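Colleague: For reference, the structure I am asking about is given below.
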Amino acid sequence: MRSRSGSTRAAIAAIGALLLAGSAGAQARPDASLRVTVADPSGAVIVGARVSVAPEPREGAAPAPASLETSNRGEALFRGLEPGRYTVRAEAPGFEPTEVHDVRVRAGENHRDVKLAIAKLAETVDVGRDPRERASDPRSDAFATVLSQAQIDELPDDPDEMEQMLKDMAGPGATLRVNGFRGGKLPRKDQIQSIRFRRNMFAADAHEAGVVTVDIVTRPGLDAWRGSTNVGFRGRALSARNAFAPEKGDEERGRYGLSLNGPLKKKRASVSFTADGIDAFDSQTIVAALPSGFFADSVKRPNDTLNLTGRVELGVGASQLLRAEFQRNHTFTDNLGVGDFDLPERAYRQTQNEQVVRVGLAGPPRKALYNELRLQFRRGETVWLPASAAPAVLVLNAFDSGGAQRSGSTGADEIELADDLDIAVGRHAIRTGALLEGGRYLTDELRNAGGTFTFASLDAFRAGRPTTFSRNAGDPRVSATEWQAGVYVQDDFRARKDLTVSGGIRQEYQTPIGGLHLAPRGGITWSPFKNGRTTVRAGGGVFYDWFDASSYEQAVQLDGTHQRIETTLQPGYPDPALGGLATMLPPGRVRLAALDQPELREAMAGVEQTLPRNLRVNAMYIRRRGLHLLRGVDVNAPIPGGTRPDPASGTVTEIQPTAESAYDAFSVGINFARPEKRIFVSANYQLARSTNDTDSPFALPADSRNLEAERGPAATDARHRFFSLANVPLAWHFRLGTAVRVQSALPYTITTGRDDNGDSVSNDRPAGVGRNSARGRAQIDVGARLSWAIGLGSQPPAGVGGPQIRIIRGGDADPLGSLGGPEGLNRRYTLELYVQTYNLLNHTNALTYTGVLTSPFYGQATAAAPPRRAEVGVRLTF
């Protein structure tokens, strides 16, 4: 027995010695990997591109592994490299082969993006050999923020909440596009390949002025089947009390999702399916002053959502990708219209249904060409059902009662057709294309059909003396059609290795406005130093804005033929015809003046500097001036003496192209990435000033005969904005993501609460007080997401058969990936548990400030954004 036991101990000791020796040898040997992502000129990844890595001649590194093809993520992963400097070469049919020299590879995981240019007709200097050429490319990622896969993983699991975070990060006026399309719902984050925040700068292919465009590219499943499922829950116990609620409101939110994608034919065709649903209710606070005294309450607001998406990707020829997608989105919400001063009887239900069909074809049809064709059809319908049909009673900034005055439905059939063609000729990178979009809009929505009594104060309500009674009378059924189109051509000319000069022109047309509108654009991109770490951009141009389809539909509906506006001054109450002075005005209406397309003239200049250790800093100044902006003017406003120019008409709201705006902004951005340690930080600060003459085409001025007095801060004029997004790994497979949003106070307008000039609108301001002259308080919102993930099972790397076992060594730069967690190198299944918090500091972010002098809440906030909320959930990736 002892002899056998001794033999066993000796064998165990020998095996242990061998393992220790192997481990020591492994630890002594550097371990590095390089993940190369290959993309086309639009930023979409290229599947099946050939990537090779070779050590620089001056390096003593061992030979690189054999070349690899990019996966469905557009990635090629090279393992077992020795730290050093390498040359990366990528090539794909229809694109110029590209070499990137002097790529530094450190111990741990490293990442490099390579963008392929379309094949040239003439021989030119190989793109990528000189860093100045990359830096002076106006379509490069300079002045852009690119979210890594780890950052995408830390975004909210709810697509709607993720959309809001991306908008907060991009700033006001941001445009979100998924595979080049606008509208519809965002995909689930596990089906997103990349997210890029870009400024349109001075490119002629952009319709929008220099706001940020968020380009989202989905991931095809061309090599293997993958999927995920998740469940999240948030309840009352996980939330704080709203600052304006008398007690913590009831709240519950259950969210579930499923996604599946994989090949129909490997590397040629794939299919994906996603489903997201929400079964929830939250609490909306009410803060009001009733004749009987102060009133505060909260109302439960149910919300049910179901979004379904199916997508097919098919390789066409050697290098083109055909993508077809169908979306079916449904949302039901009850008790809308309740909150702030609106009492529970003001509630209404809203049901929204949307179907979206998208087809896109992208790729190089032949040498020197890259084409992207997009077609989208959208059908949407919204239905409203009020809880009460009683007339509305508005006691300005005290309380609102009665019916919601909103019922019926509205529907739209919209189509978008766009084509962008890139042509490479010698030093010229030419882009040209066209856009056609529009649709048919049907509505029978009833707004204010039961009428609205407006009181200046609680005292006026107690005395039964309304200021006005108004209602919309007539048939609300309207059918309107609107079309808009644009064509453009842009040339980015490589003047020198370090300088690109861009020039382009865009022509736009819209049916409600008519006329042709020419928009020239131009600029330069310069990299002044040999190392290519500095990029300077400057340029400017003219942009035009569309007349919104819903505004056009509303103008047609209230044109005096379909519906008319009936107004009674100093009416009786509750019967407007009995009591008081009851002066009934002739019918009013809305009409369109000879419109001009709103014009924006913009200039910008900026510089970006790449510092050591993957730190990028940029600074930018933007100057924008708006002309011919649309605003409402009462062209039949009373003249001194109280009479109207047209005694046969009441208020005539004419939408005129006479408003102007001014916007000046200076921003500083920082992007820091340590891929080998999975640390990512992005932050942006903006100092801005925005002024205009109106808030919307239907917003009437306080005095239509003194339009100059309307110039003031814009409703979105936050002088200071800051946003940051950070991801860091923690010990024991934990990961922390944070999002911080800080915004200085927004403006609001002080009014008397009375109709002092007799124009039937109670928006008069005190003498000497300008529009939007008061300010609220700053907003601070800190969000955090703490996750823990573990890999289950194993998956062999490309080209290797059988299960793979990897011993985790102390100090490994990638312990989570070794276990198969998010971004893991060898994962088959990943189980992730998370807790996600919103407004972590429970800061009271006031939303509504009262500017009515007669209100008991004058100068105070009466509503706030949600308090601290927390969601717990689980996600399984397979």
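The values are calculated or read from the model by the stated rules, or taken from the named source; none is laboratory data. Keep in mind that what you see is a predicted model, and the values were worked out from it rather than measured. Cβ atoms come from the backbone with ideal geometry, glycine included; neighbour counts cover every protein chain shown.
Colleague: Every residue in the range 96-110 that is of a type outside the set (A, V, I, L, M), touching a Pro at 6+ places or on another chain (Cβ under 7 Å) and in a loop (DSSP other than H, G, I, E, B), please.
Modeller: 106
Colleague: So, of the residues in the range 193-216 that are of a type in the set (Val, Ile, Thr) and surrounded by fewer than 21 Cβ atoms within 10 Å (Cβ to Cβ), which turns out to be nearest to residue 278 (Cα to Cα)?
Modeller: Here is the first cut: in the range 193-216, the ones of a type in the set (Val, Ile, Thr) are 195, 211-214, 216.
If we keep only those that are surrounded by fewer than 21 Cβ atoms within 10 Å (Cβ to Cβ) as well, we get 211, 213.
Working: 211: 31, 213: 28 Å.
Among those that are of a type in the set (Val, Ile, Thr) and surrounded by fewer than 21 Cβ atoms within 10 Å (Cβ to Cβ), it is 213.
Colleague: Still on this structure, please answer the following. Given the criteria closer than 24 Å to residue 422 by Cβ, at pLDDT 80 or above and surrounded by fewer than 19 Cβ atoms within 10 Å (Cβ to Cβ), does residue 123 qualify?
Modeller: Answer is no for this residue.
Colleague: Another question, then. Only one of 42, 140 is within 21 Å of residue 496 (Cα to Cα) and either at pLDDT below 75 or assigned to a loop (DSSP other than H, G, I, E, B) (or both). Can you tell me which?
Modeller: 140
Colleague: Just need a number here: residues in the range 263-278 that are over 26 Å from the mean Cα position of the chain (by Cα) and either more than 26 Å from residue 307 (Cβ to Cβ) or buried (at least 18 other Cβ atoms within 10 Å of the Cβ) (or both).
Modeller: Result for the range 263-278: 6.
Colleague: When you scan the range 420-438, do you find a residue that is of a type outside the set (Ser, Thr, Tyr) and assigned to a loop (DSSP other than H, G, I, E, B), even just one?
Modeller: Looking through the range 420-438, at least one residue is of a type outside the set (Ser, Thr, Tyr) and assigned to a loop (DSSP other than H, G, I, E, B).
Colleague: State whether one or more residues within the range 333-350 are part of a strand (DSSP E or B), of a type outside the set (A, V, I, L, M) and within 24 Å of the chain's Cα centre (by Cα).
Modeller: Going through the range 333-350, the residues part of a strand (DSSP E or B) turn out to be 333-336, 339-340, 342, 348-350.
So of that shortlist, the ones also of a type outside the set (A, V, I, L, M) come out as 333-335, 339-340, 342, 348-350.
Now narrow it down to the ones that are within 24 Å of the chain's Cα centre (by Cα): 333, 350.
Yes.
Colleague: I'm checking my understanding of the structure. Among residues of the range 245-262 that are touching a Gly at 6+ places or on another chain (Cβ under 6 Å) and surrounded by fewer than 21 Cβ atoms within 10 Å (Cβ to Cβ), which one is nearest to residue 329 (Cα to Cα)? Break it down into steps so the answer makes sense when it comes.
Modeller: Of the residues in the range 245-262, the ones touching a Gly at 6+ places or on another chain (Cβ under 6 Å) are 252, 255-256, 259-262.
Now drop any that are not surrounded by fewer than 21 Cβ atoms within 10 Å (Cβ to Cβ), which leaves 252, 256, 260, 262.
Details: 252: 21, 256: 15, 260: 18, 262: 23 Å.
Ranking the candidates gives 256 first.
Colleague: Does residue 253 satisfy the criteria of being in contact (Cβ under 8 Å) with a residue 40 or more places away in the chain, touching a strand residue (DSSP E or B) at 6+ places or on another chain (Cβ under 9 Å) and charged (D, E, K, R)?
Modeller: Numbers: in contact (Cβ under 8 Å) with a residue 40 or more places away in the chain: yes; touching a strand residue (DSSP E or B) at 6+ places or on another chain (Cβ under 9 Å): yes; charged (D, E, K, R): yes.
The answer is yes for residue 253.
Colleague: Turning to a different aspect of this structure: Kindly indicate whether any position in the range 574-587 is closer than 30 Å to residue 461 by Cα, touching a strand residue (DSSP E or B) at 6+ places or on another chain (Cβ under 6 Å) and of a type in the set (Asp, Glu).
Modeller: Among the residues of the range 574-587, not one is closer than 30 Å to residue 461 by Cα, touching a strand residue (DSSP E or B) at 6+ places or on another chain (Cβ under 6 Å) and of a type in the set (Asp, Glu), which makes the answer no.
Colleague: Here's something else I'd like to know. Is it the case that some residue within the range 365-372 is surrounded by fewer than 19 Cβ atoms within 10 Å (Cβ to Cβ) and either assigned by TED's automatic domain parsing to the domain that holds residue 185 or within 30 Å of the chain's Cα centre (by Cα) (or both)?
Modeller: Yes, the conditions are met somewhere in the range 365-372.
Every residue, every condition in (1) of a type outside the set (Phe, Trp, Tyr); (2) more than 30 Å from the chain's Cα centre (by Cα); (3) outside any strand (DSSP E or B); (4) within 30 Å of residue 479 (Cα to Cα), yes or no:
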{"residue": "546", "(1), (2), (3), (4)": "no, no, yes, yes"}
{"residue": "576", "(1), (2), (3), (4)": "yes, yes, yes, no"}
{"residue": "580", "(1), (2), (3), (4)": "yes, yes, yes, no"}
{"residue": "597", "(1), (2), (3), (4)": "yes, no, yes, yes"}
{"residue": "613", "(1), (2), (3), (4)": "yes, no, yes, no"}
{"residue": "621", "(1), (2), (3), (4)": "no, no, no, no"}
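Colleague: Is it true that some residue in the range 359-379 is within 30 Å of residue 246 (Cα to Cα) and of a type in the set (Asp, Glu)?
Modeller: Checked against the condition, which is being within 30 Å of residue 246 (Cα to Cα) and of a type in the set (Asp, Glu), the range 359-379 yields no hits at all.
Colleague: Checking residue 292 against (1) touching a strand residue (DSSP E or B) at 6+ places or on another chain (Cβ under 8 Å); (2) over 26 Å from residue 373 (Cα atoms), which single condition isn't satisfied?
Modeller: (1) is the only condition that residue 292 fails.
Colleague: Restricting to the range 736-749, name every residue that is touching a Lys or Arg at 6+ places or on another chain (Cβ under 6 Å) and part of a loop (DSSP other than H, G, I, E, B). Please lay out each step first, then the result.
Modeller: Initially, the range 736-749 is screened for residues touching a Lys or Arg at 6+ places or on another chain (Cβ under 6 Å), giving 737, 743-745, 747, 749.
Hits for the range 736-749 are 744, 745, 749.
Colleague: Can you report the number of residues in the range 812-846 which are at pLDDT 50 or above, under 30 Å from residue 77 (Cα atoms) and not in a strand (DSSP E or B)?
Modeller: Number of matching residues: 2.
Colleague: Sticking with this one: Is there a residue being surrounded by fewer than 18 Cβ atoms within 10 Å (Cβ to Cβ), within 30 Å of residue 136 (Cα to Cα) and without any contact (Cβ under 8 Å) to a residue 60 or more places away in the chain anywhere in the range 429-450?
Modeller: Checked the range 429-450: at least one residue is surrounded by fewer than 18 Cβ atoms within 10 Å (Cβ to Cβ), within 30 Å of residue 136 (Cα to Cα) and without any contact (Cβ under 8 Å) to a residue 60 or more places away in the chain.
Colleague: Just a yes or no: is a residue in the range 494-508 outside any strand (DSSP E or B) and in contact (Cβ under 8 Å) with a residue 40 or more places away in the chain?
Modeller: Yes, that holds for at least one residue.
Colleague: Only one of these is over 27 Å from residue 185 (Cα atoms), in contact (Cβ under 8 Å) with a residue 40 or more places away in the chain and among the β-branched types (Val, Ile, Thr): 395, 338. Name it.
Modeller: 395
Colleague: Can you name the condition, by its number, that residue 777 falls short on among (1) part of a strand (DSSP E or B); (2) among the basic types (Lys, Arg); (3) surrounded by fewer than 17 Cβ atoms within 10 Å (Cβ to Cβ)?
Modeller: Evaluating residue 777 over (1) part of a strand (DSSP E or B); (2) among the basic types (Lys, Arg); (3) surrounded by fewer than 17 Cβ atoms within 10 Å (Cβ to Cβ) leaves (1) as the failure.
Colleague: Are there any pairs with C-beta distances below 7 angstrom linking a residue in the range 364-385 that is within 16 Å of residue 182 (Cβ to Cβ) to a residue that is assigned to a loop (DSSP other than H, G, I, E, B), with the two at least 6 apart or on different chains, and if so which?
Modeller: Every condition considered, the pairs that remain are 372/42; 372/180; 374/180; 378/183.
Colleague: Please determine, by comparing only the residues of the range 291-344 that are acidic (Asp, Glu) and surrounded by 16 or more Cβ atoms within 10 Å (Cβ to Cβ), which one is modelled with the lowest pLDDT.
Modeller: Looking at residues that are acidic (Asp, Glu) and surrounded by 16 or more Cβ atoms within 10 Å (Cβ to Cβ), I get 313.
Colleague: Could you tell me which numbered condition residue 206 fails, if it satisfies all but one of (1) in contact with a strand residue (DSSP E or B) (Cβ under 7 Å, 6 or more places away or on another chain); (2) at pLDDT 85 or above?
Modeller: (1)
Colleague: Hey, another quick one. Hey, among the residues in the range 516-544 that are among the hydroxyl-bearing types (Ser, Thr, Tyr) and touching a Ser or Thr at 6+ places or on another chain (Cβ under 9 Å), which one's farthest from residue 617 (Cα to Cα)?
Modeller: 525
Colleague: Any idea how many residues of the range 715-746 are among the charged types (D, E, K, R) and farther than 14 Å from residue 781 by Cα?
Modeller: 3
Colleague: Kindly establish whether residue 303 is of a type outside the set (D, E, K, R), over 30 Å from residue 93 (Cβ atoms) and in contact (Cβ under 8 Å) with a residue 24 or more places away in the chain.
Modeller: yes
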